[in-house]
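The values are calculated or read from the model by the stated rules, or taken from the named source; none is laboratory data. What you are looking at is a predicted structure, and each value in this text was computed from that prediction instead of being measured. Every residue, glycine as well, gets a Cβ built from its backbone with ideal geometry; the counts of neighbours run over all protein chains shown. The accessibility values were calculated without ligands, DNA or RNA, using every heavy atom of the protein model including side chains. Shrake-Rupley method; radii C 1.70, N 1.55, O 1.52, S 1.80 Å.
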Amino acid sequence: MRVRCNRGIAAMFLQRLSVVAPSQVLRPTPKGLYCPPGDFYIDPVRAVDRAVVTHGHADHARAGHGAVLATDETIAVMASRYGEK
């Protein structure tokens with residue numbers, strides 16, 4: 001499938017991205033890597049309200065997160081370790 005893009009809109013989008021400081025998008029915190037615009041943590045090292053868990057290692061895939069976004073395989077690893085909830 002081919003997607004067409006309006007060059008003016010794409011250029012404006014890229015220009016706005018270039019003025020965004022990296023710390024506005026991702027920020028290290030004691031709980032883990034935090035994304036302020038999305039209000040979630042990526043592979044947090046402590047329980048958080050909203051987590052994106054990229055793999056099933058115990059340092060990230062832990063019990064106590066409020067909401068988790070992860071692959072089915074990572075969720076299965078977490079469920080086998082900590083139960084369905």
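I need the trypsin sites (Lys or Arg not before Pro) found in segment 20-69, filtered to DSSP loop residues with at most 15 other beta carbons within 10 Å of theirs. Intermediate results must be reported in sequence, preceding the final value.
Details: sites: K31, R46, R50, R62; in loops: K31, R46, R62.
Those that pass, being in a loop and sparsely packed, are K31, R46.
Can you tally the net charge around T74? Count Lys and Arg as +1, Asp and Glu as -1, for every other residue whose Cβ sits under 12 Å from the Cβ of T74.
Here the count lands on -1.
Leaving ligands, DNA and RNA out of it, report the carbon-plus-sulfur percent of the accessible area of segment 43-85 at a 1.4 Å probe.
On segment 43-85, the fraction of accessible area on carbon and sulfur atoms equals 53 percent.
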